[in-house]
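A.B. asks: After the C-alpha cells below, expect a handful of questions from me.
Read the figures in this text as sums done on the coordinates, not as results from a lab. Just so it is clear, the model here is predicted, and its values are computed rather than measured. For neighbour counting, all protein chains shown are included, and Cβ atoms are generated from backbone atoms with ideal geometry for every residue, glycine included.
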Amino acid sequence: MARSDVIVLGAGIVGTSVALHLVKRGLSVALVDRGGAGEGTSYGNAGIIEGNTVFPAAFPSDWATLLRIALKRSPLANYHLKFLPKVAPWLVAFRAASQPARLVETAQLMRPLFARAVAEHDALSLESGAAKYLRRTGWLKLYRTEAAFAGLARERDLAASHGIANVTLDRDAARALEPSLQPVFRHAVHWTGAVSVSNPLALTRAYAARFAALGGLSFVGDARTLHRAHPYWRVDTASGPLDAGDVVVALGPWLPDVLEPLGVKLPLAVKRGYHRHFRPRNGNQGNAALARPVLDAENGYCLAPMEQGIRLTTGVEFAARDAPPTPVQFDRLMPAARELFALGEAVEAQPWLGARPCFPDSRPVIGRAPGRDGVWLACGHAHWGLTLGPATGRLLAEMMTGAAPYCDPKPYAAERFFQ
Ligand SMILES: Cc1cc2nc3c(=O)[nH]c(=O)nc-3n(C[C@H](O)[C@H](O)[C@H](O)COP(=O)(O)OP(=O)(O)OC[C@H]3O[C@@H](n4cnc5c(N)ncnc54)[C@H](O)[C@@H]3O)c2cc1C
C-alpha cells in the first residue's frame, strides 16, 4: 500500500501544475492519469497563454449570428440536435452570464488569475527547462468587417483600465508583422503581452518531468476507482492501491465521472473543439509562415504555428462529450482560412477532437468540493486551461497548505452554484 499526502487525479496542464506546486511546497504527491501527462484536452489547444483575456466567450447577442448557427451555416458553432434538450439549462445560464453587466463582472473576477498567467508559466517553464517552447510575440485578432471591429470598443476600454497592452493595426501594419497573411481583413488588434506555446504537449510533459525530479510520483490508474478507505481516500492504480488524506480532482471534461458518484453535481458542460495541422504552402517567395497565433474573429478559427505545422483550431460544438466526431465546421471555414493564409496539405488523416470543460459563468472551480472532506477541485477552465494551469496550481497549493493565497479564491468556489 503506497501512501502520500495528496493524490492528484488528472495529469492535464491543470493537474500537472497543481501537483508540481504541491511538491514544491514539500508535500508527497501522487499524480494519477489513465494515460500520459498532457495527452487529454491539454494536447490540442491553440497554445495561447492568454493573460490578456478581458471578456469571456459569450452567447451571441445578435439574431443574424444565431440564425446562421441554428441553420448550421456558421463556423463559430455547431451542435447535435438531439443533445440540445440536455444542454439547454446550461445554455440558458450561459446566456444569462453573457449579459453586458455580467461580462464586466466576470472580467473583474477573473482578472487576478489572468494577471498571473504569464508570470506563473514563466516560473514553471524556467525551472522545467521548457522556456524554449514559449514565444513572446503576442497574438493577433483579425476583423473583416467594420461592425465586428466597432464591437470591440467596450473590451478595449476595460483592457485599458486594467493596463492590458494591445495595439490597433490597420491591414498594412498587421501584414508587416505577418507578411504571409492575405489582405482579406480590415483591422487587427495585436495583444502584445500574450505568450504562445509551440508544443503544448511538450510543455505539460516538461512540467511533469520537473514534478518527478522533485520527488513526485506518477501512476497509471482509473480515477473512477476513488473511494473512502477511512481515514484516507483511495485510488486503484496499475501499481496497486494508493492512499492519501487529500485528493485533487483535475479531470477537465471528465470531472463528473468522479464527482457525481460522490454525490456532487456541478453544472459542467463541454464545448467541443477540433484541430488539424496543415503544412504551409510554398510560394514564389518561399514558405508561408506565421510568427504568432492569429484569430479570424468572424469565422471563429485560429491559426497557430506549432512544431507539427500550422494548427487550425475550430470554434465550439455542443454535443455529448463522448459522441463520435462531426468535424463539419472545417467545411464551413476552410474557404475563409485558405483565403487568409496559404494552407497546404493536411498533416493528419483526421482532425483531433477535444472538449473544453466549461461552467456557464466562464469561471473555473478552484477549491474544496462542497461537503466532501479532503476533496479539492481544479477544473472547468474552459477556453483558458493552458493559460491558467500554473496560476491555478499555485492558488490551490497555497489554499491546501494554509499559506496566504495570492488572490481571493472566493469567486472560484464551487459553492457559488448552490446559493
Ligand atoms: C480546440 C481547442 C483550443 C483551445 N485553445 C486554448 C488556448 O489557446 N489557450 C488556452 O489557455 N486554452 C485553450 N483551450 C482550452 C484548454 O485546452 C483546456 O481548458 C485545458 O486543456 C484543460 O486542461 P485540464 O488539465 O483541465 O484537462 P485535460 O487536459 O483534459 O486533463 C484531464 C486529464 O484527466 C485524465 N482522465 C480523464 N478521465 C480519467 C480517468 N477516469 N482516470 C484517470 N485519468 C483520467 C485524462 O487522461 C487527462 O489527461 C483550447 C481547447 C480546445 C479544445
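A.B. asks: Region 316-374: Rg/Rh from Cα coordinates, Kirkwood Rh?
C.D. replies: That ratio equals 1.16.
A.B. asks: Of ALA11, ALA223, ALA57, which has the largest mean-square fluctuation in a 10 Å C-alpha GNM of the chain?
C.D. replies: Taking springs between Cα atoms under 10 Å, the residue moving most is ALA57.
A.B. asks: For region 12-147, just list the percent of Cα-Cα distances falling in each 10 Å bin from zero outward, please.
C.D. replies: Pairs per bin, as whole percents: 9, 26, 33, 24, 8, 1.
A.B. asks: Which whole number in µm²/s is D for region 191-330 by Stokes-Einstein, with the Kirkwood Rh taken over Cα pairs at 20 °C and 1.002 mPa s?
C.D. replies: So the translational diffusion coefficient is about 113 µm²/s.
A.B. asks: Would you mind classifying region 103-162 by shape? Square roots of the alpha carbon gyration tensor eigenvalues, ordered a ≥ b ≥ c; an a/c under 1.5 is rounded, otherwise it is prolate if a/b is larger than b/c and oblate if not.
C.D. replies: oblate
A.B. asks: With no solvent and one point per C-alpha, what does the Debye sum give as log10 I(q)/I(0) for the chain at q = 0.06, 0.12 Å⁻¹?
C.D. replies: Values, matching the q order: -0.23, -0.97.
A.B. asks: Taking a quarter of the surface of the convex hull around the Cα atoms of region 333-419, what do you get in nm²?
C.D. replies: 9.0
A.B. asks: At q = 0.11, 0.16, 0.17, 0.25 Å⁻¹, work out log10 I(q)/I(0) for region 159-223 with the Debye formula, treating every Cα as an identical point scatterer and leaving solvent out; two decimals please.
C.D. replies: Listed by q, the Debye log ratios stand at -0.54, -0.74, -0.77, -1.09.
A.B. asks: Just tell me which lysines come within less than 18 Å, Cα to Cα, of LYS271; anything on the same chain fewer than 8 places away is out.
C.D. replies: LYS72, LYS82, LYS86
A.B. asks: Here's something else I'd like to know. Dipole of the chain, Cα-centred, from +1 at each Lys and Arg C-beta and -1 at each Asp and Glu C-beta, to the nearest 20 debye?
C.D. replies: That gives the chain a dipole magnitude of about 420 debye.
A.B. asks: If you don't mind, another one. Among the lysines, which have Cα under 28 Å from the Cα of LYS24 when same-chain residues fewer than 8 positions away are ignored?
C.D. replies: The reachable lysines, counting only those whose Cα sits under 28 Å from LYS24, are LYS132, LYS410.
A.B. asks: Say we join alpha carbon atoms closer than 10 Å with springs in a Gaussian network model of the chain; which of SER17, SER161, SER180 then has the biggest fluctuation?
C.D. replies: Most flexible of the set in this elastic network: SER161.
A.B. asks: How would you classify region 273-349 from its alpha-carbon gyration tensor, with a ≥ b ≥ c the square roots of the eigenvalues: rounded for a/c under 1.5, else prolate if a/b is greater than b/c, otherwise oblate?
C.D. replies: Prolate, since a/c reaches 1.5 and a/b exceeds b/c.
A.B. asks: Count charges around LYS271 for me, please; just the other residues with Cβ under 10 Å from its Cβ, Lys/Arg as +1, Asp/Glu as -1.
C.D. replies: +1
A.B. asks: First measure r as the distance between the Cβ atoms of GLN182 and ALA2, then evaluate 1/(1 + (r/R0)^6) with R0 = 51 Å and state the FRET efficiency to the nearest 0.05.
C.D. replies: The calculated FRET efficiency here is 0.35.
A.B. asks: Something else about it: Mind ordering 120-130, 259-269, 307-317 by average Cβ neighbours within 10 Å, highest first?
C.D. replies: Listed from highest to lowest mean packing, they are 307-317, 120-130, 259-269.
A.B. asks: Name the residue, out of TRP63, TRP352, TRP233, whose mean-square fluctuation peaks in a Gaussian network model built on the chain with Cα pairs under 10 Å.
C.D. replies: Top of the fluctuation ranking is TRP63.
A.B. asks: Size of the dipole of region 207-261 about the Cα centre, Lys and Arg at +1 and Asp and Glu at -1 on the beta carbon, nothing else charged, in debye to 20?
C.D. replies: Approximately 140 debye in magnitude.
A.B. asks: Provide ARG276, ARG186 in ascending order of the number of other Cβ atoms located within 10 Å of each residue's Cβ, fewest first.
C.D. replies: Listing ARG276, ARG186 from fewest to most nearby Cβ atoms yields ARG186, ARG276.
A.B. asks: Once region 262-419 is represented by equal point scatterers at the alpha-carbon sites, with solvent omitted, what log10 I(q)/I(0) does the Debye formula produce at q = 0.10, 0.16, 0.19 Å⁻¹?
C.D. replies: Rounded to two decimals, the profile gives -0.50, -0.94, -1.13.
A.B. asks: With +1 on each Lys and Arg Cβ and -1 on each Asp and Glu Cβ, and nothing else charged, work out how big the dipole of region 63-133 is about its Cα centre, in Debye to the nearest 20.
C.D. replies: So the magnitude is around 580 debye.
A.B. asks: I'd like to know which of ALA369, GLY344, GLY354 lies farthest towards the positive end of the charge dipole of region 332-376, counting +1 on Cβ of Lys and Arg and -1 on Cβ of Asp and Glu.
C.D. replies: Of ALA369, GLY344, GLY354, it is ALA369.
A.B. asks: Using the reciprocal of the averaged 1/r over all distinct C-alpha pairs, how large is the Kirkwood radius of region 255-303 in Å?
C.D. replies: The answer is 15.1 Å.
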